[in-house]
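Okay, so here's the structure we're looking at.
Bear in mind that the values in this text are calculations on the coordinates, not laboratory data. All figures in this text were calculated on a predicted structure; none of them were measured in a lab. Here the Cβ positions follow ideal geometry from the backbone for every residue, glycine too, while neighbour counts run over all protein chains shown.
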Amino acid sequence: MGGYNFISWAALEAALLQRLQDTSGQFTTPAEAAVYIQEALRVLNAQTSAGTSGQWAVDYVVDWTIGDTWQSLNVPGSPRQRTVTDVDVETQMEYMLLEPPSGGTWTGTSQFNITNLSNALQYRRDELLQATGAYPFRTTLFAAANMQRTLLPDSTLDVRRVRWLPDSSIAGSPSPYALGRDDITSADAYGQALSIKPGSPDSWRITSNSPLAFDVSCPPNLPGYWDMILLQSGTPLIPPTANVLGLPNDWCWVAMYGALADALANAPEGTDSHREKYCRMRYERGMKAMAQLPWLMSATVNGLSVGTPSFKEMDAWAQNWEQQWWYDDPQIVTGGMDLVALAPFIGAPGTGYGEGGFGGGGYGGGSAATMSSVLTVVGNAPVDQTQPVQLSRDAVDAVLAYAQHVATFKRGGAAFEATMPLLKQFEDYCAAQNHRYAALGIFRTEMEQEGDRAEYLDPRFGPKKGAR
């Protein structure tokens with residue numbers, strides 16, 4: 001596979017130290033310089049992925065076989081595997097606050113402490129996960145007969161999809177189907193007695209008395225399961241143990257700046273309103289960008305180009321698309337960031353809910369036991385320091401400008417303020433790249449919606465107060 005070979009990590013670190021006039025590494029060590037270059041590459045990838053190709057687009061093979069349902073791209077070997085830990089981020093925060101880079105074990109001054117930094121990082125991480133829907137997962141919960149309400153795990157941030165799976169061992173049980181979403185007013189409009197008449201539920205709603213429960217339109221008249229897509233909070237951060245942060249690698253810097261803003265606003269001995277305002281600006285702008293940019297660009301199944309509809313679209317087209325879909329018209333269905341399914345599921349004859357998909361017939365038959373798909377995704381920025389830096393020659397100066405700007409953060413005051421033009425230089429370069437990518441194709445708007453079309457069709461957030 002081809003790649004750039006003209007500049008090494010050591011050469012890029014040396015160039016950054018030269019720009020900082022610190023070639024001896026007295027104030028910024030090579031290890032610290034590498035941290036800032038990593039951030040520069042990740043922010044570059046984050047801010048130049050809105051075009052038709054992205055900075056580091058990668059083809060990723062996902063194979064499907066009997067029994068496969070939803071698959072996550074956050075797995076070993078995936079170009080989108082999430083590997084950045086809280087200790088990684090805490091170490092960088094310590095560099096930027098002029099504290100010893102000891103990760104999750106505090107060895108610094110009394111200005112800050114690891115508990116406050118870790119708590120701030122966790123709060124901002126979970127806020128980002130809610131705002132951007134970046135951590136969807138598929139789960140099943142038992143549905144008791146004649147019970148209208150189901151409790152949710154306390155790690156739940158939001159509910160995206162509810163599908164009814166009646167117990168297939170009961171004679172006459174219906175086929176599975178997805179439920180629509182309503183609220184108490186619309187439910188009551190169809191009849192106030194629905195909640196006490198068991199039957200086949202057709203909608204769900206979050207309850208008004210608990211954010212960790214949902215009701216269905218009527219209690220199911222037989223047991224089964226709720227097949228759900230939920231948004232989940234991240235793993236609790238408990239230093240000094242290292243835990244994967246849970247955000248996409250190229251967006252962990254957003255949570256870091258949010259945590260730095262909190263630390264610089266709340267530390268009695270470390271308050272710095274100027275840098276706190278800067279960090280809050282970076283956090284808010286990063287969160288907005290993260291909620292809008294795509295992660296999936298296109299897909300093929302067995303070498304043929306296919307659509308990438310959201311589960312909302314598929315549920316509208318065919319309530320039981322997991323089992324009942326045309327075998328010769330497969331689709332890669334998106335359930336949110338890094339969560340995909342093949343429509344229909346590959347099922348074996350006589351296996352209950354697996355029937356009707358590939359291998360079980362479906363509309364028009366079919367006998368495939370395995371399928372192979374290739375997803376073109378926005379891969380993580382390559383930050384392997386043992387390999388040449390994967391940058392085109394025109395991007396090197398922008399990356400160094402950004403890294404120099406961040407490396408000066410710890411100096412604060414006028415010295416840091418003087419580097420703001422370097423941040424603008426970097427952002428101008430990213431904007432120019434996006435304009436160039438946009439010129440490569442004619443469907444930029446559609447491309448930006450790939451992987452996140454459910455948010456366009458069924459937004460989780462209404463308009464702000466006063467907005468039209």
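Structural remarks
- Charged neighbours of N119, selected by a Cβ distance under 15 Å, balance to -3 (K, R count +1; D, E count -1).
- Likely footprinting exposure, F311, F27, fewest C-beta neighbours within 10 Å first: F27, F311
- Residue-wise HN-Hα couplings along segment 294-305, as the Karplus relation 6.51 cos²θ - 1.76 cosθ + 1.60 with θ = phi - 60° gives them from phi, are x, 10, 10, 10, 6, 8, 10, 10, 6, x, 9, 5 Hz; Gly and Pro carry x.
- All other residues whose Cβ lies under 10 angstrom from that of R80 are scored, Lys and Arg at +1 and Asp and Glu at -1, for a net of -1.
- For I170, I37, I114, the sequence from fewest to most other C-beta atoms within 10 Å is I170, I114, I37.
- Net +/- balance of residues flanking V162 in space, Cβ distance below 9 Å, scoring K and R +1, D and E -1: +3
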